Amino acid sequence: MLRAQVFLWAYILIFFPASVVAQGLGVNWGVIASHPLDPKIVVNILKDNGIKKVKLFHAEHDILTALSGTDIEVMVGIPNHSLESLSEKYSVAQAWVKANITAYMGKKGVNFKYVAVGNEPFLAAYNGTYNNLTLPAMKNILKALNEAGVGKDIKVSTPLNGDVYITPTYKPSDGTFRHDLADIMNGICEFLHKNDAAFIVNIYPFLNLYQNPGFPEPYAFFDNDDSNSMDDHGVKYRSVLDANIDTLVAALKVANFSDIPIIVGEVGWPTDGNIYATTKNAKKFYNGLLKRMATNEGTPLRPKQYPDVYMFSLLDEDLKSIDPGMFERHWGIFSFDGQPKFPMDLSGKGQNKSLVGGKNVKYMEKQWCVYNKDASNQKDLAVKVAWACNSTDCTTLVPGASCSGMGIDMNASVAFNMYYQMANQTKGACDFEGLAKIVKQDPSNGTCRFPIMIKTIQTTSNSNASAPKSS
């Protein structure tokens, strides 16, 4: 989360655009942030780094406008809350396609390739809410695309979580769709097969490690030896990602849809908020993934070509829900201000390149809000820190994170500064009854970085006039 001016590496980097990327590589672009970057800056980041595929979670005018006239392939999503109306009324699907697809097409329009209807709608946590809505919504969207004359060029699918298939033996070759979803998945697969669309699956090796005590850490990455591999009847799987993909391949074969192409809609590694979520691990994971993609050798059950992969994600998002874990706000390969977090060669050739960061990013003043040790009333410090954390992003303070274990003084400064920055550096947001003060010298310490917020043009709700005062 450092500004470009002070973002230093301890080793030599090669600074030039990564004009060549691994075949089939794309990225997810989410905007659940208090201060989102100007979409024009983000599109330039994509172009400067040679990224030609992007996945959006919903249609947003400013983003689609910024993508217009580029050759970047766009997969645009429809949120789950829209599935009911889309499934029940064809007119709603017609209106959605008109407003979000055809309105942006033409000679200098958006290069739409997919509409992603819903997002992991069959998660067990939804208790079946969307089970009977997703496929009808997909059919209505496709019908509306066909009616608009673009159905052959723009495919329709739905991104699904890897939990829609299982393998009772842990061997990929024994993969099958979950029994409770068998009929639904058969219908989804029949739709995809009929319309030459891909099966989109989201896979997170990081979550295997995070959620399962005892999970072998090397297996979450790539190129492991036999002691950290899965033996499937003599076939060695050295990464859980490849094993997961082939579990889906096996499930598709059991369902008699073995020729449906696969797209990995989300895969990545967070950089903060957990002991395993570090830039070192993220760099290791992406280096292995990109090298794997560059070989284009596929997986044991689909050996000819590796699936298209959309990295998750492009930018950090400081307003994402932390219910899944404190790492949720740190998935970006770029920090919130569009600056690269670590060296990354998108070609998969292992060169020590830096990604090209956002240009002309406008920051607020170089000032920070920190704990005031000289305040007369110190007894409420813990209460004020807790209040600030409940009102801002303190995910860097949890055990194992970048600012953890540095004492109550540092905890207070981190919490107060995040609150102050997210409140647009309003003077009243750095008070906390005298326990906080504004400083001009960067208080960053080691791995614990103190960001300065960027100026945003997207909304007026975050303006200084409406920023809250600290308690």
Count charges around G273 for me, please; just the other residues with Cβ under 9 Å from its Cβ, Lys/Arg as +1, Asp/Glu as -1.
-> -1
Report ³J(HN,Hα) in whole Hz for each residue of region 127-137, in order, from the Karplus equation J = 6.51 cos²θ - 1.76 cosθ + 1.60 where θ = phi - 60°; Gly and Pro get x.
-> 6, x, 3, 9, 4, 9, 9, 5, 5, x, 5
Using θ = phi - 60° and the Karplus relation 6.51 cos²θ - 1.76 cosθ + 1.60, list the HN-Hα couplings for region 186-192 in order, rounded to whole Hz, with x at every Gly or Pro.
-> 4, x, 4, 5, 4, 4, 5
Return the tail of the calculated pair distribution for region 286-327, meaning the percent of Cα-Cα pairs more than 12 Å apart.
-> 70
Residues whose modelled amide H sits under 5 Å from the amide H of L160, counting only those 5 or more places away in sequence or on another chain, are E120, I200, V201, N202
For region 222-273 and region 389-441, what is the separation of their C-alpha centers, rounded to whole Å?
-> 41
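Over region 239-298, what relative contact order in percent results from Cα pairs under 8 Å that are six or more residues apart? Display every interim value, and only then the final one.
Values: 24 pairs, mean separation 10.2, N = 60.
About 17 percent, as a whole number.
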Where nothing but the Cβ of Lys and Arg (+1) and of Asp and Glu (-1) is charged, how large is the charge dipole of region 368-439 around its Cα centre, in debye to the nearest 20?
-> 60
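With both partners inside the chain, how many of the DSSP beta bridges are antiparallel, as a percent to the nearest 5? Before the final figure, lay out the partial values.
Numbers: 14 of 45 bridges.
Taking every DSSP beta bridge with both residues in the chain, the antiparallel ones total about 30 percent.
Leaving out ligands and nucleic acids, and using a 1.4 Å probe, what accessible area per residue does region 92-134 come to in Å²?
On the way: 2150 Å² over 43 residues.
Heavy-atom SASA per residue in region 92-134 reads 50 Å².
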If we sort 416-424, 380-388 on the protection proxy, mean other Cβ atoms within 10 Å, highest first, what's the order?
-> 416-424, 380-388
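Using the Cα centre of region 268-398 as the reference point, and only Cβ charges (+1 on K/R, -1 on D/E), how large is the resulting charge dipole? Debye, rounded to the nearest 20. It would help to have the intermediate numbers written out before the result.
Details: 18 positive and 14 negative charges, 123 e Å.
The calculation lands at about 580 debye.
Using the Cα atoms of region 50-187 to build a convex hull, what is its mean projected area in square nanometres? Don't skip to the answer; put the middle values down first.
On the way: hull surface 39.1 nm².
Over every viewing direction, the Cα hull of region 50-187 projects on average to 9.8 nm².
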If you line up the Cα atoms of region 400-444 on their principal axes, what length do they span on each, largest first, in Å?
-> 31, 19, 18
Once the other residues with Cβ under 13 Å from the Cβ of N131 are scored (Lys, Arg +1; Asp, Glu -1), what is the net sum?
-> -3
Taking Cβ-Cβ under 4.7 Å as the only way to count a partner, pick out the unpartnered cysteines of the chain.
-> C189
Taking Rh as the Kirkwood radius computed over alpha-carbon pairs of the chain and applying Stokes-Einstein at 25 °C with viscosity 0.890 mPa s, one gets a diffusion coefficient in µm² s⁻¹ of 104
Determine the principal axes of the Cα atoms in region 368-439, then give the extent along each, sorted from largest to smallest and rounded to whole angstroms.
-> 30, 27, 21
Rank Y170, Y104 by accessible area, highest first, at a 1.4 Å probe radius?
-> Y170, Y104
S391: accessible area at probe 1.4 Å, nearest 10 Å²?
-> 60
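How much net charge surrounds I245 when only other residues with a Cβ under 12 Å from its Cβ are counted (Lys, Arg +1; Asp, Glu -1)? Before the final figure, lay out each step's value.
On the way: positive: R292, R302; negative: D242, D246, D308.
Computed value for this residue: -1.
In percent, what relative contact order does region 368-439 have, based on Cα pairs under 8 Å that are 6 or more apart in sequence?
Working: 95 pairs, mean separation 35.2, N = 72.
After rounding, I find 49 percent.
The values are calculated or read from the model by the stated rules, or taken from the named source; none is laboratory data. Only a predicted model underlies this, so the values are computations on that prediction, with no experimental measurement involved. Counting neighbours? That spans all protein chains shown, and the Cβs are built from the backbone with ideal geometry, glycine included. Just so you know, the surface numbers come from the protein's heavy atoms only, side chains and all, with ligands and any DNA or RNA stripped out. Shrake-Rupley method; radii C 1.70, N 1.55, O 1.52, S 1.80 Å.
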